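Novice: Submitted below is the structure of interest, expressed as C-alpha cells.
The values are calculated or read from the model by the stated rules, or taken from the named source; none is laboratory data. Note that the coordinates shown come from a computational prediction; the quantities given were computed from them, not determined experimentally. So basically every Cβ, Gly included, is an ideal-geometry build from the backbone, and we count neighbours across all protein chains shown.
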Amino acid sequence: MPVYSKKVMDHFTKPRNVGVIENPDGYGKVGNPVCGDLMEMYIKVEDDIIKDIKFKTFGCGSAIATSSMVTELAIGKNIDEALKITRNDVANELDGLPPQKMHCSNLAADALHAAIEDYKKKKKK
C-alpha cells in the first residue's frame, strides 16, 4: 500500500476546483489506458491569464490530488507560465508521490497543457 503525504490526502479528500466550465476558452482531456485514469481540464482566460480552472477526474486518489494541485498552481498565472508547470512541480507541491503513482502527476500536467494548447489554437482563428 503506497504511503501518501498529508497534502496528497488533503487534496484527495477536499479537491479544489472540481467541476465543468461551460464554454471554456480551453479544454484538455487525457487518459492512461494502463491504469484507467481520465482527466478533463477546463480553463477561462482573460488577457492571457488563467482566471478560472476546473477539472473532472476519473481515477485513483493520486489522480484526483494531482488534478486539484495543478489547478491551484495554474490559477492566476499567465498561460505561458502555466505551460511550464511540470509533473515534478506537481509532485513536489504535494510533498511527493509514491514512485508507482508518479504517472498521475504526469497526466494532470498534460491535461493542463492540452487545455492551454486548445486555447491557443482557438485564439489563432
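Novice: Checking Met41 against (1) over 9 Å from the mean Cα position of the chain (by Cα); (2) crowded, with 24+ Cβ neighbours inside 10 Å: exactly one of these is not met. Which one?
Specialist: (1)
Novice: Take segment 27-59 and flag every residue that is modelled with pLDDT under 95 and acidic (Asp, Glu).
Specialist: The one that is modelled with pLDDT under 95 and acidic (Asp, Glu): Asp37.
Novice: For segment 86-125, give me each residue that is among the polar types (S, T, N, Q) and without any contact (Cβ under 8 Å) to a residue 40 or more places away in the chain.
Specialist: Those that are among the polar types (S, T, N, Q) and without any contact (Cβ under 8 Å) to a residue 40 or more places away in the chain: Thr86, Asn88, Asn92, Asn106.
Novice: Check Lys101, Lys84 and return the single one that is more than 25 Å from Val20 (Cβ to Cβ) and at pLDDT below 95.
Specialist: None of the other options fit; the residue is Lys101.
Novice: Just checking, does segment 70-85 include any residue being in contact with a His (Cβ under 9 Å, 6 or more places away or on another chain), surrounded by fewer than 22 Cβ atoms within 10 Å (Cβ to Cβ) and either touching a residue at least 60 places away in the same chain (Cβ under 8 Å) or not in a loop (DSSP other than H, G, I, E, B) (or both)?
Specialist: Checked segment 70-85: at least one residue is in contact with a His (Cβ under 9 Å, 6 or more places away or on another chain), surrounded by fewer than 22 Cβ atoms within 10 Å (Cβ to Cβ) and either touching a residue at least 60 places away in the same chain (Cβ under 8 Å) or not in a loop (DSSP other than H, G, I, E, B) (or both).
Novice: Quick check on segment 12-30: of everything there that is in contact (Cβ under 8 Å) with a residue 60 or more places away in the chain and within 13 Å of Phe55 (Cα to Cα), which residue is surrounded by the fewest Cβ atoms within 10 Å (Cβ to Cβ)?
Specialist: Lys29
Novice: Now for a different question. Out of the residues in segment 38-68 that are in a loop (DSSP other than H, G, I, E, B) and of a type outside the set (Gly, Ala, Ser), which is farthest from His103 (Cα to Cα)?
Specialist: Among them, the one singled out is Asp47.
Novice: So, one more: Before we move on, is Pro2 under 16 Å from Lys101 (Cβ atoms), touching a Lys or Arg at 6+ places or on another chain (Cβ under 8 Å) and either touching a residue at least 12 places away in the same chain (Cβ under 8 Å) or not in a strand (DSSP E or B) (or both)?
Specialist: yes
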